[in-house]
Amino acid sequence: MALPLRARKILGTIHDLPLCDPKAWCLSDEDRARWTYYVYPRMSAYTEVITISQSTKSDILKAFGFPESRVHVIYHGVREYKGSYANLPPNLGEFILVVGAGSPRKNAKNLITAFKLLPQALQQRFKVVLAGPGINTDYLGIKPEDFLINLGHISDALLQTLYANARLLWFGSWAEGFGLPMVEAMQAKCVILTSHVSCMPEILGDAGFYCNPYDVQDIARQLEVALMDETLRKQCVEKGLERIKKFDLEESMEKHMAIIEKMLGD
């Protein structure tokens, strides 16, 4: 049982609420118990809440019944990584990038299954690059493939280099609270294929390609278009550069401070 928070006012940030869709978030029984008996009771005591997407705000209102006026959506601001680049690993060639691939909900397995449905010429042309800590391919149900490269944990500098050089970012998650890699990819002029569920349409808007993350046939169809349609790819890059203006770091910090100052003044 969580101990009560002893304060007259409590401001809390909620990034996501996996209990609203335990299957999509791939929660274990232990995870569910921790959220139910430890995290939720503490969150329910918040006076004001900051969250990072309208999608998560909707989950919060359903879960806790807070007045809508107490739940504030402030998008993450994206950092600029000026001069922060690293050399690409050898023999990558043209590649599809999967960030955070160690989590099952990032859906790398369905991407790989869909990739093998592409025309042979595309399978021979592109590789799939997995990046992120704790990538256990056996746990994810992913078998070794000639086109598959597992980089594991990488530095921020290498991540920026991968974004800048990838043919495509795969972000076909089953659930997210925000989806920061999409914003980072837009900033790097990287084309994005994401899922049409959770917060992804809210964050990416019309600046990318969408698929049904549970349907490998649809993933394959949209993957081929996202890889090969140069007209649509150019449009996505242009729209992405415009869209990242919504994710300004200074503006995000100012909105946080405004809420804190209002609570201190009330």
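Per-structure values
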| read-out | value |
| --- | --- |
| Using alpha-carbon coordinates, inclination of helix 156-165 to the longest axis of the chain, degrees | 50 |
| Rounded tilt (10° steps) of 216-228 against the dominant C-alpha axis of the chain | 70 |
| Share of carbon and sulfur in the accessible heavy-atom surface of the range 36-111 [1.4 Å probe, %] | 48 |
| Ordering of 220-227, 250-257, 101-108 by burial proxy (mean other Cβ atoms within 10 Å per residue, highest first) | 101-108, 220-227, 250-257 |
| Amide H partners (placed H, <5 Å) of residue 211, local residues excluded | 194, 195, 196 |
| Ordering of 115-127, 207-219 by packing [mean C-beta count within 10 Å, highest first] | 207-219, 115-127 |
| Cβ charges +1 (Lys, Arg) and -1 (Asp, Glu), total dipole of the range 107-266, debye | 560 |
| From phi via Karplus (6.51, -1.76, 1.60), per-residue ³J(HN,Hα) for the range 58-75 in Hz, x at Gly/Pro | 4, 5, 4, 4, 5, 6, 10, x, 4, x, 4, 5, 8, 10, 10, 8, 10, 5 |
| 29 Å Cα-Cα threshold exceeded, pairs from 106/234; 106/189; 57/262; 9/106 | 9/106 |
| Sulfur and carbon atoms: percent of accessible area, the range 155-216 [1.4 Å] | 53 |
| Residues of the range 93-218: accessible area per residue with a 1.4 Å probe, Å² | 37 |
| Å² per residue, accessible surface of the range 1-74 at 1.4 Å | 58 |
| Amide proton proximity set for residue 127, modelled H, under 5 Å, gap of 5+ | 94, 95, 96 |
| Residue-averaged 222 nm ellipticity for the chain, from DSSP H runs of 4+ at -39500 (n - 2.57), nearest 500 | -11000 deg cm²/dmol |
| Tilt relative to the chain, helix 249-265 - C-alpha long axis, 0 to 90 degrees, to 10 | 10 |
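The values are calculated or read from the model by the stated rules, or taken from the named source; none is laboratory data. Everything quoted here is computed from the prediction, not taken from an experiment. Neighbour counts run over all protein chains shown; Cβ positions are idealised from the backbone, glycine included. The accessibility values were calculated without ligands, DNA or RNA, using every heavy atom of the protein model including side chains. Shrake-Rupley method; radii C 1.70, N 1.55, O 1.52, S 1.80 Å.
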